[in-house]
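Written out below as structure tokens is the structure these notes cover.
The values are calculated or read from the model by the stated rules, or taken from the named source; none is laboratory data. Everything numeric in this text was worked out from a predicted model, so none of it was measured. Neighbour counts are summed over all protein chains in view; Cβ atoms, including those assigned to glycine, are modelled from backbone coordinates with ideal geometry.
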Amino acid sequence: MKTKPTSRSSLKARSLKLKALSGFTVIETLVAIAILLLAIVGPLSMAEKGLAAAETARQEITAFYLAQEAIEYVRNIRDTNALQGHDGDTDWLRDLDECKKRAGCGIDVTVTESPPSTSKQTMECTLTNEYCRLYQYVGDSVTPVPTTHPLYGIFGHRTTGGWKPTEFSRKVNITNIVDKVEASVVVQVTWSTGSFGDRHIDLKEHMFNWYTSP
């Protein structure tokens, strides 16, 4: 003789069924969340790497132009000395004595002849100037400057009056190869890339004394 299930046993069976169904729903939700996270993290990681690569490229291009600027400066000094007839073979690299020292020199093309003699276009790289750290002119909150200002974005060694420190340092070394005839000019620009450490670019050129004394 079969007995009919009581209402209590029927409720218990329904409760177990609901629990089983709810358990599967939670698992499915967790799997969906995991898939969603993977779908989001992948593109974000690629975007992060792309931004890092773009910043690295910007720094490398800036460093190359800074090195090229120093080479052009030394070449200009050589040519100016020749045109002004500064003893030709004996003084063809006049005003570059700081660059002939072992520590090398920094070059600030923004300095003119009008400031006091303490503001030179060349200076020896020392710990005091953080081994020729470069500063960029961007103005400040007190005296903002427009982007059309002739010095805006230019690099130099002045530290006040709107000049902000950068991650770049530039050092120039001049070595005589053939006395009074040929010299080697090496420009090294170093910069910090954060977690990737320090990087540098070296630019080298041999310059010759083309001036002939009358």
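Selection of the stretch 54-109 for residues being outside any loop (DSSP other than H, G, I, E, B), of a type outside the set (Val, Ile, Thr) and closer than 18 Å to residue 179 by Cβ yields 78, 81, 82, 97, 99, 100.
Taken as a whole, the structure places residue 144 among residues that are surrounded by 10 or more Cβ atoms within 10 Å (Cβ to Cβ), in a loop (DSSP other than H, G, I, E, B), free of Cβ contacts under 8 Å to residues at least 12 places away in the same chain and more than 18 Å from the chain's Cα centre (by Cα). Identify, from the list 125, 99, the residue that is under 21 Å from the mean Cα position of the chain (by Cα) and at pLDDT 85 or above. Just one listed residue meets the conditions, 125. If the condition is being outside any loop (DSSP other than H, G, I, E, B), in contact (Cβ under 8 Å) with a residue 60 or more places away in the chain and among the hydrophobic types (A, V, I, L, M, F, W, C), then the stretch 169-188 contributes 172, 174, 183, 185, 187. Does residue 181 satisfy the condition of being modelled with pLDDT under 85, surrounded by fewer than 17 Cβ atoms within 10 Å (Cβ to Cβ) and among the aliphatic types (A, V, I, L, M)? In short, no. Which of the residues that make up the stretch 189-201 are surrounded by fewer than 12 Cβ atoms within 10 Å (Cβ to Cβ) and in a strand (DSSP E or B)? 198, the sole residue that qualifies. When the stretch 154-166 is limited to residues that are out of contact with any Lys or Arg (no Cβ under 9 Å at 6 or more places or on another chain) and modelled with pLDDT of 90 or more, the one that is farthest from residue 129 (Cα to Cα) turns out to be 154. Residue check: residue 75 meets all listed conditions (1) more than 29 Å from residue 190 (Cβ to Cβ); (2) under 26 Å from the mean Cα position of the chain (by Cα) but one, namely (1).
Only one residue in 162, 139, 194, 156 is closer than 20 Å to residue 77 by Cα and small (Gly, Ala, Ser). Which one? It would help to see each step written out before you state the result.
Details: 162 fails: closer than 20 Å to residue 77 by Cα; 139 fails: closer than 20 Å to residue 77 by Cα; 194 fails: closer than 20 Å to residue 77 by Cα.
It is 156.
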